[in-house]
Every structure is written in C-alpha cells, then in structure tokens.
C-alpha cells in the first residue's frame, strides 16, 4: 500500500503553512517552490484543504493562503481525509458497501479493520504542530550539515 502524492504533498504544504503561521498569507507559487510541488497540482490540493476548512484564502496584493485553525488543532488524519475522502483501505470497510459477496463472511475483513485502526491512530496522534516542530529540527540539521 502506498500513500498517494496528494497526501504526501498536502502534508508538506500544510507544514509549510504552519511554518509561516503569524507571518500572513503565503502564495501557492512560494509554497510550491519551497516544497518542490508542481504548482498546478498544489492549487488542487489547496482547494480541497480550503473546502474542508483547514486553509483560508486571502485576496489582494498581500493575499495567499494560511491555516484556518491552529496547527495543534489539525491532525495529519484531518489532512488525509480532506485530500483523499473517508479513509477505508478496502471497499468492504466502507459503510453500505455491497461490492464484495463475502463481506462479513471474510477472514481478511478483520485484518483490514485492524490495519485501518492502526493507521488512523498514528495519523490522529500527529498534529500539525508536532510535524512543524519535527521539520524545524530537520531544517536545522540540513543547515548545520552544509
């Protein structure tokens, strides 16, 4: 199983917004350049994050995007759901799914449920403030290594 580029880039963009917190909005072009994310793709991600209430947009010469909530109030899981929709690693865990004829009579369904729970727990336990702090450590190491 792989995490999609939407989630990977979306998390990085949100960390960038968290790093910029309190300094005013930041433009898509600047976020894209700092994080190495294709600008057109980032625009789509920001749009999804804005619709989910995680990002706010600001118009004008000093416009751009900012976090709509404090970093500690945004979990990695919130970001994943905003970008990917409800988290269900397999269709049979989705409510009202009728695509599998075995569904509740399947030995693997419990395995998938456990995997979903474990992944969800990790993503919920990590908020944007924590990720921002961890990134600051890595950025400091990268600077001192030069």
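Against the criterion of being farther than 21 Å from residue 18 by Cα and either in contact with a strand residue (DSSP E or B) (Cβ under 6 Å, 6 or more places away or on another chain) or touching a residue at least 60 places away in the same chain (Cβ under 8 Å) (or both), residue 71 does not qualify.
Taking (1) surrounded by 13 or more Cβ atoms within 10 Å (Cβ to Cβ); (2) over 21 Å from residue 21 (Cβ atoms); (3) at pLDDT 85 or above; (4) touching a helix residue (DSSP H, G or I) at 6+ places or on another chain (Cβ under 9 Å) in turn, residue 131 satisfies each apart from (2). Candidates in region 87-110 are the residues that are part of a loop (DSSP other than H, G, I, E, B) and modelled with pLDDT of 75 or more; of these, the one that is nearest to residue 7 (Cα to Cα) is 87.
Condition check ((1) under 25 Å from residue 116 (Cβ atoms); (2) modelled with pLDDT of 95 or more; (3) in a loop (DSSP other than H, G, I, E, B)) across all residues:
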position	(1), (2), (3)
12	yes, yes, no
22	no, no, yes
37	no, yes, yes
44	no, yes, no
62	no, no, yes
65	no, yes, no
82	yes, yes, no
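Applying the condition of being surrounded by 14 or more Cβ atoms within 10 Å (Cβ to Cβ) and touching a residue at least 24 places away in the same chain (Cβ under 8 Å) to region 45-55 and asking which residue is nearest to residue 21 (Cα to Cα) yields 55.
The values are calculated or read from the model by the stated rules, or taken from the named source; none is laboratory data. It should be emphasised that the depicted structure is a prediction, and the values quoted were computed from it without experimental measurement. Positions of Cβ are backbone-derived with ideal geometry, glycine not excepted, and every protein chain shown enters the neighbour counts.
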